[in-house]
Amino acid sequence: MTNAHEKGHVVIKIATQTCVPGLTGRDITEFLMTCDTRRYQAWWPGTHLRFFTRDGGPGHVGSRFFMDEYVGRHRVRVGGRVIELDPGRRLVLKLSRFVPLPVWLTLDLRDTDDGVVIRHEIAAGFRGAGRVFDPLFRLHFNRRFATDMDAHVREEFSRLPALLATERAASGAIG
């Protein structure tokens, strides 16, 4: 977890980078944009509880999503909107809980010969006068949460190739 100075305001960032053999960036963005609760639970039973997306228009930008999962001992229930999607390369979600929050979840994806490198980042922080509320983010996005999120990201993405292979085998798809 780092505090970075970005565009004139403090932003809390929690970032993890991991490499997943046997997947492509497109596998990940397609899965996330078509995921439902059944598939989400199959991805990581007992940890992933609910997930859905509601299409917002061409290319999924504007789509709403909701996820409910455990990150370590923390139960995380959050929704939001897809604000950027470059299939196979980048996905940016703006999070909300009752109201939009200055919190973004970004997946940057880079295909390699062996699989995909994933950079998962949560960034939070207010601009302008709202910065007085930044300490509230530090209560939630603390070192323990950052450690738990790092472990969570590494474990969940390491599980995805097996789920997608099972789905492909069940559908008769090759690849």
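In the condition set (1) at pLDDT below 95; (2) outside any strand (DSSP E or B); (3) buried (at least 17 other Cβ atoms within 10 Å of the Cβ), K13 is compliant with all but (2). Annotation: of all residues in the stretch 115-164 being of a type in the set (F, W, Y), in a helix (DSSP H, G or I) and at pLDDT below 80, the one that is farthest from L95 (Cα to Cα) is F133.
The requirement of being surrounded by fewer than 17 Cβ atoms within 10 Å (Cβ to Cβ), at negative phi and touching a Leu at 6+ places or on another chain (Cβ under 8 Å) is not satisfied by R73. If only residues of the stretch 88-120 that are touching a residue at least 24 places away in the same chain (Cβ under 8 Å) and in contact with a Pro (Cβ under 8 Å, 6 or more places away or on another chain) are counted, the one that is surrounded by the most Cβ atoms within 10 Å (Cβ to Cβ) is G115.
Figure legend. Inter-residue proximity from the stretch 22-44: first residues in a loop (DSSP other than H, G, I, E, B), second residues surrounded by 16 or more Cβ atoms within 10 Å (Cβ to Cβ) and among the aliphatic types (A, V, I, L, M), beta-carbon distance below 7 Å, spacing 6+ or different chains. Indicated pairs: L23/V116; L23/L160; T24/V116. Between R50, R75, R39, which is of a type in the set (K, R) and out of contact with any helix residue (DSSP H, G or I) (no Cβ under 9 Å at 6 or more places or on another chain)? After applying the criteria, what remains is R75.
The values are calculated or read from the model by the stated rules, or taken from the named source; none is laboratory data. Owing to the predicted nature of the structure, the values given are computational and were not obtained by experimental measurement. A quick note on method: Cβ atoms are made from the backbone with ideal geometry, for glycine too, and the neighbour counts reach across all protein chains shown.
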